[in-house]
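Quick notes on the structure that follows.
The values are calculated or read from the model by the stated rules, or taken from the named source; none is laboratory data. Everything numeric here is computed off the predicted structure, so don't read it as measured data. FYI the Cβ positions are ideal-geometry reconstructions off the backbone, even for glycines, and counts take in every protein chain you see. Accessible surface is based on the protein model in full, side chains and every heavy atom, while ligands, DNA and RNA are left aside. Shrake-Rupley method; radii C 1.70, N 1.55, O 1.52, S 1.80 Å.
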Amino acid sequence: MLERSIAFVGVTACNQRIGLQDFAITGHKYLRGIIQGTDAWPVIIPSLGADIPMSALLNRLDGILFTGSPSNVEPHHYQGNASTPGTLHDPLRDATTLPLLKLAIDMGIPVLAICRGFQEMNVVYGGSLHQKIHEVPSLNDHREDKTAPMEIQYGLAHTVTLEPGGLLFQGWGRTQAEVNSVHTQGVDRLGLGLRPEAYADDGLIEAFSVEHAKNFALGVQWHPEWQIENNPFYKAIFSQFGAACNARVQQRNA
């Protein structure tokens, strides 16, 4: 591949204090997922709120991956109740990713949103979140066993049913797939203009796309970046995203 044709995909970062200093961090698994699943190159986007020149940044990117995170969206963004004390939040990430996500989709930038990113997309479109799914009587416990090895925490946990005709179905060609389950929060009220793409067996929405989006715009609650090379379903998701990013490269170079 010629360097001029490589797609560059933004990858959102979180803020974390290590020692006395603040750092912008993102998981290697997301970076590897971009490299292995899309033939693109990841570019980390720091979460610095209003300091980010969003339009200029998006004009130079061919896609954005909105990552998962140990932190949760602050509930005031969706008129939710105050979080339980000790809940980890990242206000600068909220100040960055919420407006960046909406602007990216409006500008036709391909977007893949994972876990926290999926929840951010729901909030951006006016939806709300269950803060503790395991306390909702009608829903299952979707959390991982944090004492288990990573291979077990991110191992396949349950089936999702895909909506025929959706983006996921188009890429996978089947109505069911197995996914991991590593989340405490999830969709309560679905945002306006979002189309459900997949459901867990308890009825929880686990994926959606943006109706009438100018380009690929998909959110998934599970983690398809995890060991993507060993999971054809996960690879299919990144292949669709990568195809949209590479098509944008061709448009930009035309």
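Relative contact order for the range 37-105 using alpha-carbon pairs under 8 Å, separation at least 6, rounded to a whole percent? Spell out each step's value before the answer.
Numbers: 45 pairs, mean separation 30.2, N = 69.
Here the relative contact order equals 44 percent.
List the residues, sorted by chain then number, that are 5 or more residues from HIS158 or on another chain and whose placed amide H is less than 5 Å from its amide H.
Correct list: VAL179.
Sequence gap at least 6, Cα distance under 8 Å: using those rules, report the relative contact order of the range 81-200 to the nearest whole percent.
Numbers: 149 pairs, mean separation 34.4, N = 120.
Here the relative contact order equals 29 percent.
Going from most exposed to least, what order do ARG93, ARG252 have by accessible area with a 1.4 Å probe? Before the final figure, lay out each step's value.
Working: ARG93 0, ARG252 105 Å².
Descending order: ARG252, ARG93.
Count neighbours as other Cβ atoms within 10 Å of each site's Cβ, and list the GluC sites (Glu not before Pro) in the range 176-254 that are DSSP loop with at most 12 such neighbours. Working shown, then result.
Numbers: sites: GLU178, GLU197, GLU206, GLU211, GLU225, GLU229; in loops: GLU211, GLU225.
The qualifying sites are GLU211.
With all protein chains present, calculate the accessible area of ASP90 using a 1.4 Å probe and round the result to the nearest 10 Å².
Counting only protein heavy atoms, ASP90 exposes about 10 Å² to solvent.
List the lysines whose alpha-carbon lies under 18 Å from that of LYS146, not counting same-chain residues fewer than 8 positions away?
Straight-line reach from LYS146, under 18 Å: LYS29, LYS132.
Which ³J(HN,Hα) values, rounded to whole Hz and listed in residue order, are derived for the range 192-204 from phi using the Karplus coefficients 6.51, -1.76 and 1.60 in 6.51 cos²θ - 1.76 cosθ + 1.60 with θ = phi - 60°, glycine and proline given as x?
5, x, 9, 9, x, 10, 7, 10, 6, 5, 8, x, 5
At 24 Å minimum axial length over the Cα atoms and a Kyte-Doolittle cut of 0.5, report the qualifying DSSP H helices in the chain, or say none. Mind showing how you got there, number by number?
Details: long enough: 232-253 (31 Å, -0.35).
Taking the DSSP H segments of the chain (at least 24 Å long, mean hydropathy at least 0.5), we get none.
May I ask you to derive the relative contact order of the chain, considering only C-alpha pairs under 8 Å and at least 6 residues apart, and to give it as an integer percent? Walk me through the numbers before you get to the answer.
Details: 538 pairs, mean separation 56.4, N = 254.
Relative CO of the chain lands at 22 percent.
Using modelled amide H (1.01 Å from N, peptide plane; none on Pro or chain starts), what sits under 5 Å from the amide H of ALA217, excluding residues fewer than 5 places away?
It is VAL111, VAL210, by chain and number.
Send over a whole-number figure in Å² for the accessible area per residue of the chain, probe 1.4 Å.
Working: 11680 Å² over 254 residues.
I get 46 Å² per residue for the chain.
For the range 184-253 and the range 78-126, what is the separation of their Cα centres, given in Å?
15 Å
How do MET150, MET121 rank by accessible surface area computed with a 1.4 Å probe, from largest to smallest?
MET150, MET121
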